[in-house]
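Structure, as structure tokens:
The values are calculated or read from the model by the stated rules, or taken from the named source; none is laboratory data. Nothing here was measured: the structure is a model prediction, and the numbers come from that model. Virtual Cβ from ideal backbone geometry, glycine too; neighbours counted across all protein chains shown. With ligands, DNA and RNA removed, areas are computed over all heavy atoms of the protein, side chains included. Shrake-Rupley method; radii C 1.70, N 1.55, O 1.52, S 1.80 Å.
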Amino acid sequence: TMANSKALLVLENFIGGKFVPCSSYIDSYNPSTGEVYCRVPDSGKEEVEAAVKAAKYAFPIWSSKSPLERSQILNKLADLIEHDLEAFAQAESKDQGKTITFSRTVDIPRAVYNFRFFASSILHHTTECTEMATMDCVHYTSRTPVGVAGLISPWNLPLYLLTWKIAPAIACGNTVVAKPSEMTSVTAWMMCKLLEKAGVPHGVVNVVFGTGTKAGEALVCHPDVPLISFTGSTLTAQRITEKSAPHCKRLSLELGGKNPAIIFDDADLTQCIPTTLRSSFANQGEICLCTSRIFVQRGVYSEFIKRFVAEAKKWKVGNPSDPTVDVGALISKEHLEKVRSYVKKAQAEGARVLCGEGVDSLALSSGNQKGYFMLPTVITEVKDESCCMQEEIFGPVTCVVAFDTEEEVIKRANSVKYGLAATVWSSNVGRVHRVAQRLQSGLVWTNCWLVRDLNLPFGGMKASGIGREGAKDSYEFFTEVKTITIKH
């Protein structure tokens with residue numbers, strides 16, 4: 001009804017420094033109530049064409065600025081987002097379903113830090129040089145921005161992951177066309193309102209809202225977008241790879257994970273249990289780095305299970321705007337049904353659900369009855385070949401299984417198609433190094449989880465992606481290198 005739509009937030013595309021209305025829109029839901037609260041442009045070829053044109057036009061101006069000038073603008077943008085941190089945090093929580101505590105302490109501070117980090121790192125890159133005295137030659141490299149970068153970001157950490165792409169792209173002198181997830185577009189739109197004030201020239205950052213199949217596809221297929229950075233599912237990445245192949249595009253793909261936690265007999269459980277609860281259920285388990293396969297050595301298996309389940313039951317699920325809540329709503333009704341279906345499959349295969357879905361009852365306040373909530377769920381007695389141990393569930397579900405030897409657990413941990421992150425718990429330093437070396441994983445955390453130094457490479461092996469991102473890695477991805485030889 002029209003009366004209702006007046007109250008809805010209506011987003012617009014941001015192209016060439018202006019907000020532009022769209023001819024059609026998609027409904028976006030508030031996951032904690034199950035109600036439509038926002039309308040997002042349903043962009044396609046036309047809108048992407050306009051955004052690419054604006055980005056191409058802005059490229060010579062932006063790329064000719066010095067790294068210092070770009071750095072100052074990135075820092076200004078960081079300050080403006082930080083100034084509005086609370087408004088951004090509230091918006092992210094409402095739009096995504098994550099707890100206000102998580103968006104206040106993780107999402108928005110990290111988005112601010114992404115800009116500050118690349119504003120700093122861009123000032124410290126050096127190029128290589130070699131001399132060949134016998135040939136009277138000196139060789140050196142020079143790096144230049146690539147052009148228009150296509151950036152496609154997911155719904156789980158909306159502003160956090162969008163800025164992790166925008167910051168290095170524009171720091172290096174590229175201009176961008178970004179497409180956030182149609183399910184979580186609000187904070188990207190809010191950021192667009194700050195760009196002019198930060199001094200970002202028109203056309204440097206363009207944001208086109210819409211679905212992957214329409215807006216995303218148009219961006220990936222555009223001949224004037226030489227580079228695509230994507231975070232999302234392996235399935236979508238396959239399509240991006242196929243569609244971009246005829247144009248020989250440069251790709252950075254950060255995909256899913258089925259991340260193991262390996263807990264040895266000598267692990268310090270007082271640290272291990274709270275951290276493993278976080279690594280299983282933080283952000284409703286909707287983080288590509290979450291641990292969903294927990295391998296526990298037999299000597300501590302029963303004690304671990306007992307303590308882990310008792311603590312999991314204490315996690316409070318409910319209205320994300322309540323600061324005492326630990327678990328918010330999942331992103332969508334479809335996603336919640338998909339996550340629940342994995343628990344049902346596990347039970348059908350004879351696994352045991354120790355707490356959570358279908359075992360404990362979830363009490364929700366009246367306003368949240370139709371929201372997409374689920375209790376932290378722990379499954380045990382599940383076979384390695386089960387889909388619950390092989391496929392990324394991306395919800396508050398984790399499987400706990402026993403193992404006997406180091407050799408055996410390495411083999412089992414590696415027996416999935418993914419290879420993004422792993423955690424190892426042990427007080428034996430030699431073992432920690434040994435196991436970390438042999439895990440097929442782009443990141444290995446030992447006796448901790450999600451401690452990130454942005455200087456160092458981030459990314460996965462196998463079906464978890466292609467390429468790495470980080471200070472040096474992102475700089476290399478977002479620039480072209482040229483080798484110049486001078487004979488004197």
The range 448-458: number of residues that are surrounded by fewer than 20 Cβ atoms within 10 Å (Cβ to Cβ) and in contact with a Lys or Arg (Cβ under 7 Å, 6 or more places away or on another chain): 1
Hits in the range 412-448 (condition: under 29 Å from Val112 (Cβ atoms) and out of contact with any Leu (no Cβ under 8 Å at 6 or more places or on another chain)): Thr423, Val444, Trp445, Thr446, Asn447, Cys448
Looking only at the range 430-447, and only at residues there that are in a loop (DSSP other than H, G, I, E, B) and open to solvent by less than 40 Å² (accessible area, probe 1.4 Å), the one that is farthest from Ile228 (Cα to Cα): Leu439
Members of the range 243-266 found to be farther than 24 Å from Glu469 by Cβ, open to solvent by 10 Å² or more (accessible area, probe 1.4 Å) and not in a helix (DSSP H, G or I), listed by number: Asp265, Asp266
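Regarding Lys411, is this residue touching a residue at least 12 places away in the same chain (Cβ under 8 Å) and either within 25 Å of the chain's Cα centre (by Cα) or farther than 21 Å from Asn156 by Cα (or both)?
no
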Filter result for Pro67 (surrounded by fewer than 18 Cβ atoms within 10 Å (Cβ to Cβ) and under 17 Å from the mean Cα position of the chain (by Cα)): no
Exclusive hit being under 16 Å from the mean Cα position of the chain (by Cα), of a type in the set (Gly, Ala, Ser) and assigned by the TED database to the domain that holds Leu157, set Gly470, Gly442, Gly419: Gly470
Out of Thr270, Thr241, Thr276, Thr236, sole residue that is hydroxyl-bearing (Ser, Thr, Tyr) and under 26 Å from Ile26 (Cα atoms): Thr236
So Ser229, is it within 23 Å of Ala58 (Cβ to Cβ), of a type in the set (Ser, Thr, Tyr) and touching a Cys at 6+ places or on another chain (Cβ under 8 Å): no
Top-ranked residue of the range 81-100 - restricted to ones that are under 30 Å from Met374 (Cβ atoms) and without any contact (Cβ under 8 Å) to a residue 60 or more places away in the chain, ranked as most open to solvent (accessible area, probe 1.4 Å): Glu86
Cβ-Cβ under 9 Å pairs, at least 6 apart or on other chains, the range 306-322 side free of Cβ contacts under 8 Å to residues at least 60 places away in the same chain and farther than 14 Å from Met374 by Cα, far side open to solvent by less than 20 Å² (accessible area, probe 1.4 Å) and among the β-branched types (Val, Ile, Thr): Arg307/Ile273; Glu311/Ile273
Search result, residues across the range 336-363 that are farther than 23 Å from Lys316 by Cα and either at pLDDT below 95 or not in a loop (DSSP other than H, G, I, E, B) (or both): Lys345, Ala346, Gln347, Ala348
In the range 267-299, the residues that are touching a strand residue (DSSP E or B) at 6+ places or on another chain (Cβ under 7 Å) and assigned to a helix (DSSP H, G or I): Cys272, Thr276, Ser279, Ser280, Phe281, Gln284, Gly285, Arg298
Test: residue in the range 139-146 that is outside any strand (DSSP E or B) and more than 22 Å from Ile287 (Cα to Cα): yes
Residue check, Arg298 open to solvent by 10 Å² or more (accessible area, probe 1.4 Å) and over 17 Å from the mean Cα position of the chain (by Cα): yes
Matching entry among Val138, Val48 (being open to solvent by less than 20 Å² (accessible area, probe 1.4 Å), β-branched (Val, Ile, Thr) and more than 30 Å from Val325 (Cβ to Cβ)): Val48
Any chance Ala78 is crowded, with 22+ Cβ neighbours inside 10 Å and within 24 Å of the chain's Cα centre (by Cα): yes
Test: residue in the range 187-198 that is more than 27 Å from Ala245 (Cβ to Cβ), in contact with a Ser or Thr (Cβ under 9 Å, 6 or more places away or on another chain), in the same structural domain as Lys18 (by the TED database) and among the aliphatic types (A, V, I, L, M): yes
Arg278 being open to solvent by 10 Å² or more (accessible area, probe 1.4 Å), closer than 12 Å to Thr398 by Cβ and touching a residue at least 40 places away in the same chain (Cβ under 8 Å): yes
